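Asks: Would you mind keeping the following structure in view while I ask a few things?
The values are calculated or read from the model by the stated rules, or taken from the named source; none is laboratory data. This is a predicted model, so every value here is computed, not measured. Virtual Cβ from ideal backbone geometry, glycine too; neighbours counted across all protein chains shown. With ligands, DNA and RNA removed, areas are computed over all heavy atoms of the protein, side chains included. Shrake-Rupley method; radii C 1.70, N 1.55, O 1.52, S 1.80 Å.
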Amino acid sequence: MSPRKMDADQADIDTPLVRELVAAQFPQWAALPLEPVDSGGLVNAIYRLGTDLSVRLLLRPSNTDIVQREQAKLAALAPFLPVAIPSVEAIGSPTEAFPGEWSVHRWLTGTHPSPDALVDPRGLATDLAAFVDAFRQIDLPDRPPVYLGERRTRALMVSMDSPTREAISELDGLIDTRAVLASWEESLAAPYDGREVWVHSDLTPSNLLVSAEGRLTAVLDFETCGVGDPACDMFPVWYLLPAKVHDEFRTALDVDDATWLRGRGRVLSQALIVLRYHKDTNPAIASYALHAIGKVLAAPR
């Protein structure tokens, strides 16, 4: 099994390649079972290595220091956060077969929550608010963004206007474009005082793990985290949590009206762009995007 290939520039990654890389560079793990993980992600191919580890390879290998930056960032953030986050156990070197750095992570237990099957929505909302609040309290120096993922989520909303409108136009017939445009324009007009805090910026179901009891156990994928608009961490409201616990989440974080609207707009923009590019290539992510768009449109005005 290989990762679903969504673009022509995506690397050819399969189990034999990953096994070869591990055996050559980390022989202590060569005998462990290796299985692909169908994560539906857009950035990494993921393989489970034994019971306690995973291997991550960028779908578009890069010679930049993305993996090393990730290792340093995760190690710095972990002591401040109330649930587990990934830890990079080892970094693999580029080879002729895979021309980029790759990493071995500690495996985190739990399952991805589904908005239609939450066991304890109120408890999960409490856990997510606590995580976001802990993130906001972090006092660490932030490094300047150096690659696309880091720049994207810290951009001002006005910079998202053109791609958002293009996505709305191209999705005519699949979504209610008039209602979506009205919602986007309302969020775009929401004021922002420039206050910045540490944000994860991608708290979608695929980046969360929960226990059998429905409580948050881990948060994944810190590629785009950094200092930015507090509205960036409103994603769980429209991607995951039912309307009956929105007020509790909002109250716990003391979210004002303008931040709430900007958060709604950021979710809408991301979901529209994801849907535009992946509606035919990544059904799982497209389904999440459609769900979020529907939740935004159903929100009280």
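Asks: Within the range 166-188, how many residues turn out to be touching a Leu at 6+ places or on another chain (Cβ under 8 Å) and within 13 Å of ARG266 (Cα to Cα)?
Replies: Count: 5.
Asks: Tell me, which residue of the range 150-206 that is of a type in the set (S, T, N, Q) and in contact with a Ser or Thr (Cβ under 6 Å, 6 or more places away or on another chain) is nearest to LEU241 (Cα to Cα)?
Replies: SER201
Asks: Also: Here are some conditions: (1) in contact with a Cys (Cβ under 9 Å, 6 or more places away or on another chain); (2) surrounded by fewer than 18 Cβ atoms within 10 Å (Cβ to Cβ); (3) not aromatic (Phe, Trp, Tyr). VAL227 meets all but one. Which one does it not meet?
Replies: (1)
Asks: For the range 84-103, enumerate the residues that are touching a Lys or Arg at 6+ places or on another chain (Cβ under 9 Å) and surrounded by fewer than 20 Cβ atoms within 10 Å (Cβ to Cβ).
Replies: Of everything in the range 84-103, those that are touching a Lys or Arg at 6+ places or on another chain (Cβ under 9 Å) and surrounded by fewer than 20 Cβ atoms within 10 Å (Cβ to Cβ) turn out to be ALA84, SER87, VAL88, GLU89, GLY100.
Asks: Now, a different point. Check the range 230-239 and report whether any residue there is free of Cβ contacts under 8 Å to residues at least 40 places away in the same chain and not in a helix (DSSP H, G or I).
Replies: yes
Asks: Considering each of GLY194, GLY263, GLY226, GLY214 in turn, give the residue that is closer than 16 Å to HIS112 by Cα and either of a type in the set (Gly, Ala, Ser) or in contact with an Asp or Glu (Cβ under 6 Å, 6 or more places away or on another chain) (or both).
Replies: Sole residue among the options that is closer than 16 Å to HIS112 by Cα and either of a type in the set (Gly, Ala, Ser) or in contact with an Asp or Glu (Cβ under 6 Å, 6 or more places away or on another chain) (or both): GLY214.
Asks: Same structure, new question: Mind listing just one residue for me: the one in the range 175-219 that is of a type in the set (A, V, I, L, M, F, W, C) and at pLDDT below 95 and, of those, surrounded by the most Cβ atoms within 10 Å (Cβ to Cβ)?
Replies: VAL199
Asks: Here are the criteria: (1) in a loop (DSSP other than H, G, I, E, B); (2) open to solvent by less than 40 Å² (accessible area, probe 1.4 Å). Tell me which single one SER54 does not satisfy.
Replies: Result: SER54 fails condition (1) only.
Asks: Identify all residues within the range 156-178 that are under 22 Å from the mean Cα position of the chain (by Cα) and acidic (Asp, Glu); write none if there are none.
Replies: Within the range 156-178, just ASP161 meets the criteria.
Asks: Evaluate the following for LEU181: is it free of Cβ contacts under 8 Å to residues at least 40 places away in the same chain, in contact with a helix residue (DSSP H, G or I) (Cβ under 7 Å, 6 or more places away or on another chain) and under 26 Å from ALA284 (Cα atoms)?
Replies: Yes; evaluated as a whole, the condition is true for this residue.
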